[in-house]
Amino acid sequence: MSVKKYAVIGHPIGHTMSPFIHQRLFSLAGLDAEYVKLDIAPEQLGEAFKTTLSQLDGFNVTIPHKQAVIPLLDELDDKAKLYGSVNTVLRQDGKTKGFTTDPDGFIRAVEAAGIELGGRIMILGCGGAARAIAFELASRGLPFEFAVRERSCGKAGLLCLDITRRIPEAKVSFGLINQIIGTVDVLINATPVGMYPNVDEQPIHNCAIGRCAAVFDVIYNPLETALVKRARANGAKAEGGMSMLVWQAAVAQQHWNDVSFDPEDIRRLCIDAAEEMKSI
Ligand code: NAP
């Protein structure tokens, strides 16, 4: 059988953990496949789609192409259509189909961490990661609120409108990140605050963290952010974003090759990916 070919496309693509994670998943699945990273500027996407990308069996899509790739595809999975975002493309029998695996990656990671999604759920930020998580919560009938800085209120309002337009029964609101009052059952950090190299930063103050029963931080570098450390020190359940990153890749491989993975293998891969991250 010929070696299957895959890639991740983005711009700038820089350091990415995707080749390491996908190669390990191919090994776990017993598949012979190549996975490379391709830096494709926004103005080159259309041409690359017809040339370089047409030679691949599938590819992952990252910033800034997650929406731009949609009109180029033959078909969209229901979730990608509803959420308006694609991070995984399958090419089969000459046709392309787009999927979004970040939401499933988030759910698998939260479940693996033993965090129960319910009660008062708050998402910090309203960018790409927040959007994927928000749509998944809304489609599961879970109410939630965004907490954003003042300058993002317009953007947060538009995202709330987009969610309720696509999922009319959704219960979603937004408030200011520096004015969080009361207790929170599940806090989800979807801002880059605390990401390497600014590892001492926290998106919210200690007193607000102290009122959170569980925390999920989408940041995967470092493995344990200042927010996660603080929450754990308070006795809260808290998990970082590495397992979301690995699970969304595992779900992409399910779409590409109909393979599934043992959660214990994924847990071990998260540890190895964290080690690998130190060297890049
Ligand atoms: P993004 O689209 O740029 O969104 C970032 C959001 O954070 C925006 O709403 C931004 O608000 C807000 N923000 C930035 N700085 C802030 C601050 N100082 N205080 C409050 N809010 C702030 O980025 P993204 O793609 O969502 O990525 C966010 C983080 O998630 C990154 O660290 C990324 O590596 C991580 N991520 C992880 C996974 C995973 O699988 N684990 C997947 C995707 C992303 P403004 O509009 O005001 O700037």
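The values are calculated or read from the model by the stated rules, or taken from the named source; none is laboratory data. All of these numbers come straight from a predicted model, not from anything done at the bench. Please note: Cβ atoms are built from the backbone with ideal geometry, for glycine as well, and neighbour counts cover all protein chains shown. In case anyone asks, the SASA skips ligands and DNA or RNA and just uses the protein heavy atoms, side chains included. Shrake-Rupley method; radii C 1.70, N 1.55, O 1.52, S 1.80 Å.
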For segment 216-280, which helices (runs of 4 or more DSSP H) that fit wholly inside it have 3 or more residues that are within 11 Å of the ligand (Cβ to nearest atom) and at pLDDT 95 or above?
242-257
Residue check for Gln202: within 11 Å of the ligand (Cβ to nearest atom) and under 24 Å from Gly118 (Cβ atoms):
no
Could you please find all residues in segment 1-30 being touching a strand residue (DSSP E or B) at 6+ places or on another chain (Cβ under 7 Å), part of a loop (DSSP other than H, G, I, E, B) and hydrophobic (A, V, I, L, M, F, W, C)?
Val3, Ile13
Matching residues, segment 126-152, being open to solvent by 10 Å² or more (accessible area, probe 1.4 Å) and within 9 Å of the ligand (Cβ to nearest atom)
Cys126, Gly127, Gly128, Ala129, Arg131, Ala132, Arg149, Glu150, Arg151, Ser152
Picked from segment 185-197 (must be part of a loop (DSSP other than H, G, I, E, B) and open to solvent by less than 80 Å² (accessible area, probe 1.4 Å)), the residue farthest from the ligand (Cβ to nearest atom) is Gly194
Of Leu45, Leu76, the only residue that is free of Cβ contacts under 8 Å to residues at least 24 places away in the same chain, touching a helix residue (DSSP H, G or I) at 6+ places or on another chain (Cβ under 8 Å) and more than 23 Å from Ile219 (Cα to Cα) is Leu76
Could you list, ordered by first residue, the pairs with Cβ atoms under 6 Å in which the first is in segment 240-268 and charged (D, E, K, R) and the second is open to solvent by 20 Å² or more (accessible area, probe 1.4 Å), at least 6 apart or interchain?
Asp265/Leu28
Per the filter on segment 31-43, residues assigned to a strand (DSSP E or B) and either within 16 Å of His255 (Cα to Cα) or in contact with a Pro (Cβ under 9 Å, 6 or more places away or on another chain) (or both) are Ala33, Tyr35, Val36, Lys37, Asp39
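Tell me the residue from Glu201, Glu169 that is more than 24 Å from Arg230 (Cα to Cα), open to solvent by 10 Å² or more (accessible area, probe 1.4 Å) and part of a loop (DSSP other than H, G, I, E, B), please.
Glu169
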Identify, please: which residue in segment 88-116 is open to solvent by less than 10 Å² (accessible area, probe 1.4 Å) and assigned to a loop (DSSP other than H, G, I, E, B) and is, among those, farthest from the ligand (Cβ to nearest atom)?
Thr100
I'd like the residue in segment 134-149 that is over 15 Å from Ile123 (Cα atoms) and in contact (Cβ under 8 Å) with a residue 24 or more places away in the chain and, out of all such residues, is nearest to the chain's Cα centre (by Cα).
Ser139
